[in-house]
Amino acid sequence: MVPQNNLASLTPQGIPLILPTDCFTADPVNSFTDDTEQFAELNGVKAQSVRKRYAQTGSYFGIQPLKLANRRLKWPHVFAAKGVI
């Protein structure tokens, strides 16, 4: 994950910006905490928009969820930002 002390890597809301590859950690179960509704609210979109994008591309602008055995999706608690390097 992105270091919390780097202020350039935070959104105005204080949420860390990450690259899509930063979603993969050694402990994926604990890093994926949000359901689709929470992830959509964090990113300011409808949950259906997240589901549609996931169905079309397998990710939401590069952020891939963890698919649980009960067919639900768990998303990392991140803000999806366009053009983040």
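Please compute the modelled spin-label separation between Lys67 and Val45, points set 7 Å along Cα→Cβ, answer in nm with one decimal.
In this crude label model, Val45 to Lys67 measures out at 1.9 nm.
Between Thr57 and His77, what is 0.36 nm times their sequence separation minus the Cα-Cα distance? Round to one decimal in nm.
Taking Thr57 through His77 to full extension adds about 5.2 nm, to one decimal.
Each value in this text was obtained by applying a stated rule to the coordinates, not by laboratory testing. Being a predicted model, the structure only gives us computed values, none of them experimental. Virtual Cβ from ideal backbone geometry, glycine too; neighbours counted across all protein chains shown.
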